[in-house]
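One structure is given here, and the rest of the page talks about it.
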Amino acid sequence: MDPVNDNDRPVDPPKACSICGKPATVRYKPFCSKRCADVDLNRWLKGTYAIPAVEDPDEDVSDLPRD
Ligand SMILES: [Zn+2]
């Protein structure tokens, strides 16, 4: 029960890594390791690049009259 290694223990309640299905660890939850966390991060970044961040002009309130 060394608190220094607490981050390496599986999360409680147990949760499967969303990348590889291994038990997630406290340190990298919801992933089991930095590797899986990086995989997810890369997926997320690519997904962000694939989706243009265009705001709906109809939602722009800058045209409202201001006093
Ligand atoms: Zn994993």
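The values are calculated or read from the model by the stated rules, or taken from the named source; none is laboratory data. Every value quoted in this text rests on a predicted model; they were computed, and no experiment measured them. Virtual Cβ from ideal backbone geometry, glycine too; neighbours counted across all protein chains shown.
Of all the residues that make up the range 7-26, how many are away from the ligand (no atom under 12 Å from the Cβ) and under 15 Å from the mean Cα position of the chain (by Cα)?
1
Does any residue of the range 37-60 turn out to be at pLDDT 95 or above and at positive phi?
Scanning the range 37-60 turns up no residue that is at pLDDT 95 or above and at positive phi.
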